[in-house]
1. DSSP loop (so not H, G, I, E, B), at most 14 other Cβ within 10 Å: list which GluC sites (Glu not before Pro) in the stretch 17-68 pass both filters.
2. Using only the Cα atoms of the stretch 20-92, build the gyration tensor, take square roots of its eigenvalues as a ≥ b ≥ c, and label the shape rounded, prolate or oblate: rounded if a/c is under 1.5, else prolate if a/b is larger than b/c, else oblate.
3. Report, in whole Å, the centroid distance computed from the Cα atoms of the stretch 59-88 and the stretch 314-336.
4. Dividing the Cα radius of gyration by the Kirkwood radius, what Rg/Rh value follows for the stretch 1-50?
5. Using only Cα atoms, locate the centre of the stretch 203-223 and the centre of the stretch 275-306, then give the distance between them in Å, rounded to an integer.
6. Nothing charged except the Cβ atoms of Lys and Arg (+1) and of Asp and Glu (-1): what's the magnitude of the dipole of the stretch 271-336 about its Cα centre? Round to the nearest 20 debye.
7. When the scattering of the stretch 108-267 is computed by the Debye formula from its Cα atoms alone, each counted once and equally, what is log10 I(q)/I(0) at q = 0.08, 0.12, 0.15, 0.16 Å⁻¹?
8. Return the inverse of the average 1/r over all pairs of distinct C-alpha atoms in the stretch 90-141, which is the Kirkwood hydrodynamic radius, in Å to one decimal.
Amino acid sequence: RALGVAVVGTGKMGADHVRRLRHRISGARVRAVVDIEAERAKTLADAIEGCAAYTEPAAAMAARDVDAVLIASPGPAHEAALLEALDRDLPVLCEKPLTPDAASALRVLDAEQKLGHRRVQVGFMRRYDAEYMKLKRLLGKGELGRTLMLHHRHRNPAMPEWFTEEMLINDSVVHEMDVTRWLLDQEITAVTVHKPASTSNAPAGMSDPQFVLFETESGALVDVEIFGHCGFGYQVQAEAVCERGIVRMDDEHGPRLTTADGRWGGRVTPDYLERFEDAYDREVQAWVDATRRGETTGPSVWDGYAAAAVCEAGVLSQREGRRVEVDLIERPAFYQ
Ligand code: ISE
């Protein structure tokens with residue numbers, strides 16, 4: 001039968017996943033939606049056949065027709081929902097960040113190991129983006145030799161008003177932490193955050209853009225430009241500098257036009273939901289398919305923990321303006 005999914009959190013991301021599960025994904029049904037705002041959950045559930053509304057994740061997880069959980073609530077609410085789902089041995093797709101800090105991520109790591117099998121896929125959707133997958137494939141072939149540097153650019157048109165300076169690191173740059181670890185197949189060992197001149201579009205108290213430097217186990221240097229209020233659109237680019245060549249992914253995902261007024265170029269996507277639409281679809285379909293086979297694949301709790309540990313170093317560096325080493329436990333055999 002189709003996988004019965006409870007979606008926890010019905011904000012921007014949760015609502016988009018509900019739409020995706022209903023209209024773009026095969027083999028799944030939305031059976032429950034959960035939000036602390038009861039009215040919001042009810043309005044959403046009322047529009048979906050066979051779907052009930054809840055304000056408590058545990059109540060939704062206890063429902064008879066719920067087989068799996070998609071967590072899309074704000075990061076600080078993830079730990080409780082994850083532990084509840086693991087306690088019930090329910091498969092989970094958990095939006096990034098896994099949890100807001102390394103200590104809470106470690107508690108989830110412990111709970112999954114106690115359970116004895118993987119149950120959680122972490123929502124690092126860039127691993128499912130066609131261009132990142134191409135980049136990963138090229139680097140993996142070995143023809144280009146070792147990767148010496150990675151340059152990332154991550155630009156958002158504007159951030160919501162509740163977005164803090166720390167979130168530039170643990171909500172936005174967390175994606176580059178994950179893709180860097182994944183592309184290079186190694187851990188990030190230290191982080192330094194620099195703050196260039198700030199745009200006047202940034203809210204009071206937020207220095208924006210920021211320039212983040214990662215060091216990795218092999219000695220590769222990785223820089224990230226994070227720009228929260230660039231104004232023009234949503235843009236994610238990466239360039240790998242290798243011993244025998246360069247691989248670059250930029251704005252090629254859309255068509256490039258030459259127009260009557262003598263210009264050429266493409267359109268910049270307005271936000272991440274559009275830019276990564278295909279990646280989200282591929283990610284959620286992979287989760288549904290694996291879950292129905294009784295498997296858990298994709299980014300693991302270890303990946304979520306490692307990113308949280310790098311975030312912690314990043315936020316400290318952002319605050320104190322110095323290089324901070326990443327404090328990581330040894331990788332358990334369970335996650336090898
Ligand atoms: C947001 O939460 C995301 O996950 C987006 O992918 C990222 O680009 C954005 O900066 C974050 O705020």
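Quick note: the coordinates plus some simple rules give every number you see, no bench work behind them. From a predicted model like this one, the values you see are computed outputs, not experimental measurements. Glycine gets a Cβ as well: all are built from the backbone with ideal geometry, and neighbour counts include every protein chain shown.
1. Here the GluC sites (Glu not before Pro) that fit, given the DSSP loop and packing criteria, are E37, E49.
2. On the way: a/c = 1.59, a/b = 1.21, b/c = 1.31.
Oblate shape, in that a/c is at least 1.5 and b/c is the bigger or equal ratio.
3. Using only Cα atoms to place each centre, the spacing works out to 27 Å.
4. Rg/Rh for the stretch 1-50 comes to 0.94.
5. 27
6. 220
7. The computed values of log10 I(q)/I(0) come out as -0.29, -0.64, -0.94, -1.03.
8. Final number for the Kirkwood radius of the stretch 90-141 is 12.9 Å.
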